[in-house]
Amino acid sequence: MTLDIARLRAETPGVDRVLHLNHAGSSLLSAATLAGIEAQFRREAELGSMEAGAAAAGAIDAARADIATLIGAAADEIAFTGGNSDGWGRAFAALRLRPGDRVLVGRSEWGGNLACLERAGLAVETVPADEYGQISLEALAGLLDERVRLLALTWAPANGGLIQPAAAVGRLVRAVGVPYFIDAAQIVGQMPVDVAKLGCDVLVAPARKHLRGPRGVGFAYVRRDFAERLDPAFVDTRSAPIGPGGALLQPGARRLESAECAPALRIGFGLAVRHALDLGVDHIRAAIAARAESLRARLAALPGVALCDLGVERSGLVAFTLDGWSGPRAQAALASQKINIGFNGRAYTPLDMDARGLAEVLRASVSYLTTEDELDRFTAALAALGA
Ligand SMILES: Cc1ncc(COP(=O)(O)O)c(C=O)c1O
């Protein structure tokens with residue numbers, strides 16, 4: 001079965017209004033996901049939000065179960081979070097590393113994660129990249145030992161199409177028993193994910209990117225046996241309810257979750273995940289890969305454009321520079337034509353940007369919703385800017 005793109009576009013209100021090539025920033029909600037979110041807010045207004053929240057418990061349980069299915073986990077290994085950094089930061093803080101502890105990162109690591117490591121005073125070492133820009137497995141094998149307290153890998157970076165060999169990394173890391181965190185912000189919803197094959201202890205993603213869920217919500221997977229090692233930096237009535245014997249830290253991923261939340265967003269997240277499962281992530285991956293390669297071929301033929309993607313296997317994020325155009329200026333010029341793209345400065349991926357001497361890159365990121373007609377229009381608009 002291939003995806004019925006015309007039908008999927010007809011079910012997406014945004015595609016008629018914008019040429020959206022910023023799915024790596026945030027994708028477009030389907031009409032059904034939007035309706036589910038709106039309905040919950042309406043119930044909150046009409047019934048009282050605590051009461052409407054209680055009534056939504058079944059839908060939220062179903063959302064958690066579907067997220068678990070999507071990544072090959074169990075429901076008690078999934079915590080809802082407020083987004084990618086919220087999940088990563090909660091899990092990281094709960095590791096309680098000490099200043100000077102040794103941490104290894106890939107060169108494509110997300111800047112927010114690196115900022116957490118820096119602020120904690122850790123000894124952070126970047127694993128060198130191989131000739132394709134991927135984390136070097138050989139170098140990693142040489143650096144891994146029992147003194148390493150964490151290996152953090154951003155599976156697909158924010159500044160290009162690179163996809164890191166996360167499962168091969170997992171095999172090396174597992175062999176020495178070092179905690180392994182994967183930032184899968186750019187992957188979940190775009191590619192099949194199986195946490196058992198990855199061998200990771202923690203994996204985080206937001207709802208809003210390739211899953212097409214709302215902003216302000218995400219999830220953290222915590223491997224069941226690993227949860228015991230997490231001592232959250234703060235707790236509340238959900239993660240550590242007070243019983244007769246005092247505050248009882250909850251088992252599983254729940255110890256990272258907050259009591260207060262937006263049920264409408266969790267419902268919307270669940271609808272988006274169910275949609276991805278129904279479509280089949282393999283089909284989604286094939287459609288995105290085909291569209292991204294088509295875009296790369298078009299851009300490669302444009303004068304003044306330089307592609308900046310690394311890696312062997314590539315995501316739907318196409319990074320490039322355009323002679324004479326800064327990121328914000330190009331973004332604004334295209335926005336005036338109702339074309340959405342992103343750009344990535346140094347702060348998002350400082351290690352890789354510095355290693356490659358890049359100050360910023362433009363990002364055009366596709367979805368299975370993207371059509372060849374849209375790519376024609378986008379390429380023509382870019383050519384006109386370059387002219
Ligand atoms: C790889 C990666 N990690 C983390 C983030 C941050 O996600 P959030 O804004 O949900 O915290 C992003 C956002 O683009 C990202 O691309």
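The values are calculated or read from the model by the stated rules, or taken from the named source; none is laboratory data. Computed from a prediction, not measured in an experiment: that's the story for all the values here. Neighbour counts run over all protein chains shown; Cβ positions are idealised from the backbone, glycine included. Protein only, heavy atoms only, side chains kept; ligands, DNA and RNA dropped before computing areas. Shrake-Rupley method; radii C 1.70, N 1.55, O 1.52, S 1.80 Å.
A few remarks follow.
- Ranked packing of 156-163, 249-256, most packed first, by mean Cβ within 10 Å: 156-163, 249-256
- Using the 1.4 Å probe convention, the accessible area of the chain works out to 41 Å² per residue with neighbouring protein chains retained.
- Taking the range 51-74 and a reference point 7 angstrom along Cα→Cβ of A35, no backbone N atom is nearer than 12 Å.
- For the range 152-306, the fraction of 1.4 Å probe accessible surface lying on carbon and sulfur atoms is 57 percent.
- The chain, relative contact order in percent, only Cα pairs under 8 angstrom and at least six apart counted: 23 percent
- What separates the Cα centres of the range 1-57 and the range 315-387 is a distance of 26 Å.
- The range 32-278 - share of DSSP beta bridges that are antiparallel (%, nearest 5): 45 percent
- Under-5 Å amide H pairs with V318, H placed in peptide plane, nonlocal only: A364, S365, V366
- Segment S49-T69, length gained on full extension (0.36 nm per residue, minus Cα span): 4.3 nm
- For the range 53-161, applying the loop criterion from DSSP together with a ceiling of 11 other beta carbons within 10 Å to the GluC sites (Glu not before Pro) yields E131, E146.
- Electrostatic bookkeeping for L382 treats Lys and Arg as +1 and Asp and Glu as -1; over the other residues with beta carbon under 14 Å from its beta carbon, the sum is +2.
- Charge sum, other residues only, whose C-beta stays under 13 Å from D352's C-beta, Lys/Arg counted +1 and Asp/Glu -1: -1
- Sequence-distant residues sharing a close amide H with G218 (under 5 Å, placed H): T81, G82, G83, A207
- 222 nm mean residue ellipticity, helices alone, for the chain (DSSP H n ≥ 4; -39,500 (n - 2.57); rounded to 500): -12500 deg cm²/dmol
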